[in-house]
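The values are calculated or read from the model by the stated rules, or taken from the named source; none is laboratory data. All values derive from a computational prediction rather than experimental measurement. We place every Cβ from the backbone using ideal geometry, glycine too, and count neighbours over all the protein chains shown. Areas reflect the complete protein model, heavy atoms only, side chains present, ligands, DNA and RNA absent. Shrake-Rupley method; radii C 1.70, N 1.55, O 1.52, S 1.80 Å.
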Amino acid sequence: MIAALYVAKGGCYFGLPDVDPWDEARDARLYAGPWPVVAHPPCARWCQLAGLVEARYGLKKGDDGGTFAAALASVRAHGGVLEHPAFTLAWSAHGLPDPQAFGWSREMFGPGWVCEVSQTAYGHRARKLTWLYYVGDTPPVALDWSRPKHSARVSMCENHGRSKVELMGHRECLATPPAFRDLLLSIARNARPATVAT
């Protein structure tokens, strides 16, 4: 069994026989095990524009209600994988190393491994570069490290709003492609809890 944390109600993690989905109503900060996890903690307070949003609307950068910290703790305690947008401010705030352009790299003083993938390689229409944090045995090498051409974008900020590439709707932007979901679940199935002190 895999616990899917911080997922959309009725989304792609629901209805699978070996997945226990935790949507907002279940409050994944309360997850206490015992299964490995796939964690999708909210990213809005950690994005590259979080400082601008804070200045304009007063929504504090990093003020996510403890969801990222809880997701990180769950991955370290039970094994699994956490995903967040590339260049997330949460990474440095929690002492995680930035990944290399291709392949996995080991966390120097912690139990995890990090990498960067493009969700376009797994069926998303936007580029959607994503950082993964994995705790378990040696991470899988059979990831698709390619960067296929994207046909849509998730932000008005791309090319200062002058891009001719279609702007996606909010729901589609956030959606996890089934092939990417399956990859994350397969990674979590081979995970083990941290044995290195954090």
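At-a-glance table
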item: Lone unmet requirement of (1) within 19 Å of A188 (Cβ to Cβ); (2) within 11 Å of the chain's Cα centre (by Cα) for R106; result: (2)
item: Selection within the stretch 24-41 - open to solvent by 10 Å² or more (accessible area, probe 1.4 Å) and either of a type outside the set (A, V, I, L, M) or over 12 Å from A71 (Cα atoms) (or both); result: E24, A25, R26, D27, R29, Y31, G33, P34, W35, P36, H40
item: Only one of G95, G103 that is at pLDDT 85 or above, part of a loop (DSSP other than H, G, I, E, B), touching a strand residue (DSSP E or B) at 6+ places or on another chain (Cβ under 9 Å) and surrounded by fewer than 17 Cβ atoms within 10 Å (Cβ to Cβ); result: G103
item: Boolean, A90 is in a helix (DSSP H, G or I), farther than 18 Å from V37 by Cα and at pLDDT 85 or above; result: yes
item: Search result, residues across the stretch 69-87 that are among the small types (G, A, S) and assigned to a loop (DSSP other than H, G, I, E, B); result: G79, A86
item: Candidate set: the stretch 106-115, residues that are modelled with pLDDT of 90 or more and open to solvent by 20 Å² or more (accessible area, probe 1.4 Å); chosen: the one nearest to R181 (Cα to Cα); result: W113
